[in-house]
1. Given the options 36, 61, name the one that is under 19 Å from residue 8 (Cβ atoms), surrounded by 15 or more Cβ atoms within 10 Å (Cβ to Cβ) and more than 20 Å from the chain's Cα centre (by Cα).
2. Conditions: (1) in contact (Cβ under 8 Å) with a residue 40 or more places away in the chain; (2) at negative phi. Residue 139 meets all but one. Number of the miss?
3. Hey, could you check segment 39-58 for residues that are out of contact with any strand residue (DSSP E or B) (no Cβ under 6 Å at 6 or more places or on another chain) and assigned to a loop (DSSP other than H, G, I, E, B) and say which is surrounded by the most Cβ atoms within 10 Å (Cβ to Cβ)?
4. Only residues that are part of a helix (DSSP H, G or I) and either touching a residue at least 40 places away in the same chain (Cβ under 8 Å) or within 16 Å of residue 136 (Cα to Cα) (or both): list them for segment 183-213, please.
5. Output the residue which, of all residues in segment 158-167 that are crowded, with 18+ Cβ neighbours inside 10 Å and in contact with a helix residue (DSSP H, G or I) (Cβ under 8 Å, 6 or more places away or on another chain), is farthest from residue 203 (Cα to Cα).
6. Please go through (1) more than 30 Å from residue 172 (Cβ to Cβ); (2) modelled with pLDDT under 95; (3) in contact with a strand residue (DSSP E or B) (Cβ under 7 Å, 6 or more places away or on another chain) for residue 1 and return the number of the only condition it doesn't satisfy.
7. Name every residue in segment 103-129 that is out of contact with any strand residue (DSSP E or B) (no Cβ under 6 Å at 6 or more places or on another chain) and in contact (Cβ under 8 Å) with a residue 40 or more places away in the chain, in order of residue number.
8. Go through (1) touching a helix residue (DSSP H, G or I) at 6+ places or on another chain (Cβ under 8 Å); (2) under 27 Å from residue 42 (Cα atoms) one by one and return the number of the condition residue 190 breaks.
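The values are calculated or read from the model by the stated rules, or taken from the named source; none is laboratory data. Given the structure is predicted, the values throughout are model-derived calculations rather than measurements. Glycine gets a Cβ as well: all are built from the backbone with ideal geometry, and neighbour counts include every protein chain shown.
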């Protein structure tokens with residue numbers, strides 16, 4: 001399997017775990033606020049990290065690691081057999097596997113859970129599950145039935161998981177976030193990511209950055225609606 005990015009050690013991607021992070025190239029979304037424009041739009045121009053090299057490092061350092069996070073881009077648009085083969089080789093090293101996904105492939109999510117090939121799932125919920133709004137935040141025409149199915153599968157799965165939303169000023173407000181919580185309230189965790197001004201896939205509205213106080217107010221409102229682990 002070919003990867004387009006690799007961080008050998010991370011304390012951030014998988015909460016409470018030390019993991020190696022690998023990035024796949026390509027994505028079926030065009031979220032204007034995405035921080036990884038090269039991965040999404042020009043991944044063929046990025047360096048190549050072969051799975052053999054990565055697996056060799058994992059084997060040498062397995063005592064120091066809890067697992068591997070596979071992110072992107074969008075991992076679950078990769079060839080199924082190739083992705084599964086890599087995951088199985090990671091599991092053979094007695095390491096856990098975390099996957100970050102946009103939720104457009106619920107069938108693959110269910111397969112990975114059913115066959116015990118994933119230990120942690122993080123799904124981005126981009127916006128309230130309203131067609132026009134979701135299309136705006138993803139830059140494409142989205143099949144919301146698939147997004148809703150993925151949310152349901154993850155909520156019911158007996159593995160650790162987290163839903164995530166990048167709170168982009170000018171695109172999402174507190175009301176939008178509270179609408180999202182209606183769908184994820186039986187989940188295990190919710191991460192509200194603060195948008196950082198960087199090079200992005202598309203144009204993001206010029207809007208005042210939300211303050212720490214704004215996020216604390218939002219956190220309080222969310223906590224009153226849903227009783228799941230919340231982090232910002």
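1. Of the residues listed, the single one that is under 19 Å from residue 8 (Cβ atoms), surrounded by 15 or more Cβ atoms within 10 Å (Cβ to Cβ) and more than 20 Å from the chain's Cα centre (by Cα) is 61.
2. Result: residue 139 passes all but (2).
3. It comes out as 46.
4. Let us first name the residues in segment 183-213 that are part of a helix (DSSP H, G or I), namely 183-184, 212-213.
Those that are part of a helix (DSSP H, G or I) and either touching a residue at least 40 places away in the same chain (Cβ under 8 Å) or within 16 Å of residue 136 (Cα to Cα) (or both): 183, 184.
5. Out of the qualifying residues, it is 161.
6. Single failed check for residue 1: (3).
7. Residues of segment 103-129 that are out of contact with any strand residue (DSSP E or B) (no Cβ under 6 Å at 6 or more places or on another chain), as a first pass: 104-117, 126-129.
Within segment 103-129, 104, 105, 106, 109, 110, 113, 126, 127, 128, 129 qualify.
8. Exception for residue 190: condition (2).
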